[in-house]
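Chemist: Can you keep this structure in mind? I'll have questions shortly.
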Amino acid sequence: MKPSVELQEVWRAVPGWEGVYEASSFGRIRSLGRIVQRGGRDMRVREKILAPNVHHSGYLRVNLSHNGRRSEQLVHWIVAATFHGERPLGMEIRHLDGDQTNNAAANLRYGTSRENKNDIKGHGTHAMRARTHCPFGHPLVGSNLVKSEARRGHRKCRACNSAHARAHRNELRGQTLKQAADQYYIEYTMAPLTHRSLERTT
Ligand SMILES: [Zn+2]
């Protein structure tokens with residue numbers, strides 16, 4: 001099944017987080033510019049597209065927080081709830097093209113557990129092999145693959161892998177995960193990030 005291609009990115013309020021977070025038809029999540037209270041003072045925060053992290057399940061996750069309420073959520077859950085309404089009881093969220101990181105609204109649909117498994121079986125392996133970029137847009141070229149994974153036929157982004165390791169050691173020093181990963185990418189491949197690779201991430 002081929003999802004229809006949308007050309008226009010549409011943003012809608014995330015249910016339960018109105019005025020704070022929005023999800024887009026392309027599968028991106030942003031926090032809105034607003035005034036927040038920090039230590040009893042008003043602070044202006046800017047609108048920001050959230051950089052998702054990759055859960056070991058292969059799905060993308062983001063951290064939502066507002067007024068002391070914090071919640072780590074899967075991006076496809078957010079996009080599905082925003083564009084397709086509340087999930088029917090017992091249903092799962094399908095990625096029609098089998099790519100767990102393609103969270104465009106048109107690629108998501110509520111379905112049964114069996115349908116969900118078929119999506120992954122039908123396309124999953126193929127999508128993994130055919131994938132040319134990681135979710136942050138780093139080209140999956142030879143020197144940017146995790147070697148131990150590559151031997152097993154998995155294409156895993158080495159730059160992101162290193163950045164995750166640094167984040168776990170709490171050594172990002174004010175950088176975002178993506179900024180750290182971008183630096184590793186340049187280091188591993190000696191190649192500047194091209195417009196095409198950056199385009200996919202912002
Ligand atoms: Zn990467």
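What follows is calculated from the coordinates using simple rules that are stated; it is not laboratory data. The structure presented is a predicted model; accordingly, all values stated were derived computationally and were not measured. Cβ coordinates were reconstructed from backbone atoms using ideal geometry, including for glycine residues, and neighbour counts include every protein chain displayed.
Chemist: List the residues, sorted by chain then number, that are 5 or more residues from residue 145 or on another chain and whose placed amide H is less than 5 Å from its amide H.
Modeler: Residues meeting the amide H criterion: 158.
Chemist: Sticking with this structure for a sec: Just want the ordering: 151, 109, from fewest to most Cβ atoms lying within 10 Å of their own Cβ. Walk me through the numbers on the way to the answer.
Modeler: Numbers: 151 9, 109 19.
If I rank by nearby Cβ atoms, fewest first, I get 151, 109.
Chemist: Next up: If amide H atoms are built 1.01 Å from N in the plane of the peptide, which residues on other chains or at least 5 residues away come under 5 Å of the amide H of residue 27?
Modeler: For residue 27, the qualifying residues are 105.
Chemist: I would also like to ask the following. Under a cut-off of 18 Å between alpha-carbon atoms, report the aspartates and glutamates in cross-link reach of residue 178, not counting same-chain residues fewer than 8 places apart.
Modeler: Qualifying aspartates and glutamates at Cα under 18 Å: 47, 72, 187, 199.
Chemist: HN-Hα J couplings of region 49-59 from phi, Karplus 6.51/-1.76/1.60, θ = phi - 60°, integer Hz, Gly and Pro as x?
Modeler: Using θ = phi - 60°, the values come out as 7, 6, 8, x, 9, 9, 5, 5, 6, x, 8 Hz.
Chemist: Here's a follow-up. Can you list the HN-Hα couplings for region 173-188, worked out from phi with the Karplus curve (6.51, -1.76, 1.60; θ = phi - 60°), rounded to whole Hz and with x for Gly and Pro?
Modeler: These are the phi-based 3J(HN,Hα) values: 6, x, 7, 7, 4, 5, 4, 5, 5, 4, 5, 4, 4, 5, 4, 6 Hz.
Chemist: Then there is this: Given just the C-alpha atoms of region 1-130, how large is their convex hull per residue in cubic angstrom? It would help to have the intermediate numbers written out before the result.
Modeler: Working: hull volume 15.5 nm³, N = 130.
So the per-residue hull volume is 119 Å³.
Chemist: For region 76-85, just list the computed ³J(HN,Hα) in residue order, Karplus coefficients 6.51, -1.76 and 1.60, θ = phi - 60°, integers in Hz, with x standing in for Gly and Pro.
Modeler: Working through the residues one at a time gives 5, 5, 5, 5, 5, 4, 6, 9, 10, x Hz.
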